[in-house]
């Protein structure tokens with residue numbers, strides 16, 4: 001079988017100690033039909049994910065792009081038509097991106113990752129991304145295997161966020177109520193939306209709305225005629241099984257449309273869906289650039305309340321590169337932060353290291369804790385934010401004209417103190433009334449109007465008397 005393969009690759013160096021992970025991404029285009037074609041990769045991967053979609057529109061019958069035998073040196077690819085169609089299909093052009101599994105961050109802040117999940121039915125499942133993005137990334141999915149007898153199998157996506165998305169397997173309309181036979185592996189690729197030039201390599205990732213009528217997207221970046229483009233339907237506004245097709249791909253634009261499956265009926269109209277796309281310039285095959293290695297790989301970050309009502313902030317690193325120190329901050333509203341502590345990092349390490357820090361005086365109610373990491377060069381990265389709730393009642397009403405109630409929430413033998421704004425404890429002119437259900441009433445009628453601090457155990461609240 002004669003086929004045409006246009007390939008471009010570039011290298012990313014991702015270093016941990018003396019070990020270097022290279023050959024991260026490769027792009028290309030292949031002309032295929034219903035006959036299986038083997039694509040040989042220029043690079044050698046360890047655990048690749050292949051995204052090869054959508055198809056061009058040379059033949060009118062719907063197609064699903066099927067992959068098989070994905071390995072470190074290549075993959076097999078062919079086109080499936082729905083059951084009931086004639087089977088053979090004319091040659092179509094498919095652009096592809098091959099990504100080494102993992103997560104990566106570049107010097108300009110661009111983030112990308114690749115991974116896989118398994119599915120054996122037609123239900124949506126949530127996939128948690130390996131990192132949290134500043135805004136919702138462009139996400140692309142595709143079935144990586146052809147392990148079962150199920151024909152015309154593809155993916156649909158929805159509910160993309162900065163940290164997760166949902167994906168499911170989808171069959172042709174006439175069979176979409178019957179789950180596929182066996183389990184298949186779904187691969188995904190996520191990248192920050194935006195565009196620019198990374199060491200001479202032009203990229204662009206974005207989204208726009210498309211229905212069954214071809215819609216033009218003009219690129220914001222300047223590409224050469226040798227660019228490659230992948231795309232996925234990112235929403236599930238219309239329930240009819242659908243794919244995506246492209247026409248008129250040039251250095252300045254692409255036209256995409258939703259190709260609805262009509263194997264069950266002749267209706268092919270479709271509501272508007274959001275489409276994610278990723279375009280990358282081959283730079284004449286000379287696009288080589290290096291990302292910034294993630295300074296710290298965090299495998300655990302958690303915040304818990306101890307029995308003595310302290311808060312434990314703990315985290316575990318799998319590897320560290322040029323890591324100077326960690327900073328722990330806390331907040332009552334997740335907006336205004338105060339420094340809780342600083343913990344020295346390990347500098348450079350490939351061993352798993354566990355850290356923890358305690359807050360002996362958490363806020364009553366919900367407290368937020370933020371962990372960040374700082375390199376020796378001063379570069380700071382926020383690892384994440386966690387919250388914990390301490391069930392301690394605030395004094396009420398507040399402001400008050402005299403009587404203040406405190407629900408001890410089942411706590412026994414707790415000490416209650418009242419202080420003025422100078423920090424002086426007030427022991428006179430206050431009456432305590434203990435009632436049932438751990439409800440304490442303070443009578444502040446004998447005090448002058450103003451601000452006071454009420455300390456219940458180790459927790460302090462400000463109360464205004466007027």
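Modelled this way, with points 7 Å down the Cα-to-C-beta line, the labels at residue 445 and residue 403 are 0.9 nm from one another.
Using R₀ = 41 Å, calculate the FRET efficiency as 1/(1 + (r/R₀)^6) where r is the Cβ-Cβ separation of residue 372 and residue 417; round to 0.05. Here the calculated transfer efficiency is 0.70.
On the basis of the beta-carbon distance and an R0 of 41 Å, residue 36 and residue 358 show a calculated FRET efficiency of 0.10. Can you give me the relative contact order of the stretch 144-230 as a percent, contacts being Cα pairs under 8 Å and 6 or more apart? After rounding, I find 22 percent. Summary of the geometry: the stretch 52-79 and the stretch 265-282, compared by the centres of their Cα atoms, lie 16 Å apart.
Kirkwood-type hydrodynamic radius, the stretch 131-212: 15.0 Å, calculated from all non-identical alpha-carbon pairs.
Shown is the FRET efficiency for residue 147 and residue 86, computed with R0 = 35 Å from the Cβ-Cβ distance and rounded to the nearest 0.05: 0.85.
Computed over the chain, the Cα gyration tensor eigenvalues convert (square root of 5λ each) into semi-axes of 56, 27, 19 Å, ordered from largest to smallest.
Relative to the current alpha-carbon distance between residue 350 and residue 453, full extension at 0.36 nm per residue lengthens the span by 32.2 nm. Taking 0.36 nm per residue of separation and subtracting the Cα-Cα distance, full extension of the segment from residue 426 to residue 308 would add 39.8 nm.
You can think of it this way: the chain between residue 299 and residue 267 has 6.7 nm of extra reach, that is 0.36 nm per residue less the Cα-Cα gap. Within the stretch 296-390, the proportion of C-alpha pairs whose separation exceeds 16 Å stands at 52%. Under 8 Å for C-alpha pairs, at least 6 residues apart: give me the relative contact order for the chain, rounded to a whole percent. Result for the chain is 11 percent.
Each reported figure results from applying straightforward, stated rules to the coordinates on display, with no laboratory input. As the structure is a computational prediction, the values presented were derived from the model and not from experiment. All Cβ positions, glycine included, derive from the backbone under ideal geometry; neighbour counts span all protein chains shown.
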